[in-house]
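The values are calculated or read from the model by the stated rules, or taken from the named source; none is laboratory data. Note that the structure is a prediction, hence the values are computed from the model and not measured. Quick reminder, even Gly has a Cβ in these numbers, built from the backbone with ideal geometry, and neighbours come from all protein chains shown. We work out accessible area using only protein heavy atoms, side chains counted, and drop any ligands, DNA or RNA first. Shrake-Rupley method; radii C 1.70, N 1.55, O 1.52, S 1.80 Å.
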Amino acid sequence: MVTAACITQVRRSYPHFTFAASRRRQMPGPASCFLGALLLRLVSWSDPWQTTCLSLGCPGARALAACEVPGSSGVVVAAGGGAQWWQEDPDSGLWRCTRSSVDPALRGPLFSIAVDPSSGSVAVGGGEGRAASLFTADGALLATLEGHTGWVRAMAFHAGQLFTVGCNFVKVWRPLPEGVGWKLVGDLVGEGDILALAISACGVLVAAGVSSKLQLWQLPSRDLRPKEWLAAAEQSLTTQPSLHEGRVTCLSSQGCWLFSVGQDGHVQKRRFLQSSAQAGDSLQSARLTALHGKFESIAILEEGDLLAVGSDAGELCVFDGRNLELLGRLQGLHQGAPVSSLCPVSGGRVASVSSRHSHLEVTPVLQIAKN
């Protein structure tokens, strides 16, 4: 896709000061649009707070994930009945959709997406009766997994397995030998509708949502047979108070740290104890930062030193990931619509989508933290 550029103005507010920043919007255009390309380069060079706005061609994207390739930034978005892969040209800074894939059996809305770090495979969670559609790294449809009766709200890959969430169930999937398909290992049963999922580096699966509790499973070794694995995981279930007043909307982990946000406008940080034998003992200490509004999404940057949080009113809040100090606030993302999903992008940036708009936005947050 060949792109040109046009410039619009948005107002963005930060603590202690307000200024006008530029928003760059990419749209299809002729390759000969020299002035547009030149203007794009000038603005890119001169404006460190610039947001790039990309048209997805379909409304209501609710989920995206980082999908980096060597030498370039990339994201994959759950949209259009499947997935769209977007990549940034490292020389021009322009983004383009490199491929898109559709599963006709996948029914919307699409609430979740996950990327397998080992293979690059992408899973997209869809509507009732479907658990996920699996695509290879090059976009080929790999499998359609069925079984959930409700929307698949969250999913994650870990140790070659896929975890999908619908209602109060966490379904566990494994690939069949020689890559001929995927099979269901079984269900981990939780309490209340689960809306968020995260897996720590020490192998603790955390689920949260409508319930006032965090539900934790210590994931056994993948070497166990499916029935043995499932039995061991079920026996490890423990709970912890969520400390959020109301729903937990998003979870994310970095190393031994777990971050959560909720509709109460709180950010919470807890630490996993690597030496803990039980998942219920693996969380300690919490820090809360109260803000007005409801939080919808999280992205962890700079190996946990920065935390970007999106609200239901189009606001992006940047926190120091070490102490949860608020560093900056950016208003007006997605024209004030909910920031449904965030993911980190190289260069201290985050990508975001909104359920009410048809655009992917890429916003620098490292400069916000420095200013």
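Quick look at the numbers
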| quantity | calculated |
| --- | --- |
| Other-chain or far-sequence residues with amide H under 5 Å of L142's (modelled H) | L134, F135, T136 |
| Under 12 Å, Cβ to Cβ, from V189 - net charge with Lys/Arg +1 and Asp/Glu -1 | -2 |
| The range 80-154: relative contact order as a whole-number percent, Cα under 8 Å and 6+ apart | 25 |
| Amide H contacts of R130 (H built 1.01 Å from N, under 5 Å, at least 5 apart or other chain) | G147, H148 |
| The range 209-273, accessible area per residue, ligands and nucleic acids excluded (1.4 Å, Å²) | 44 |
| Sites matching GluC sites (Glu not before Pro) across the range 102-194 that sit in DSSP coil, with at most 11 neighbouring C-beta atoms within 10 Å | E128 |
| Formal net charge of residues neighbouring P90 (Cβ-Cβ distance under 13 Å; K, R +1; D, E -1) | -3 |
| 5 angstrom amide H check on K213, placed H, neighbours 5+ away | S242 |
| Share of carbon and sulfur in the accessible heavy-atom surface of the range 113-264 [1.4 Å probe, %] | 50 |
| Packing-based ranking, highest mean first, of 237-244, 75-82, 215-222, 261-268 given that Cβ atoms within 10 Å are counted | 75-82, 261-268, 215-222, 237-244 |
| Net charge of neighbours whose Cβ lies under 14 Å from the Cβ of G80, counting Lys and Arg as +1 and Asp and Glu as -1 | +2 |
| Accessible surface, the range 306-371, averaged per residue in Å² (probe 1.4 Å) | 30 |
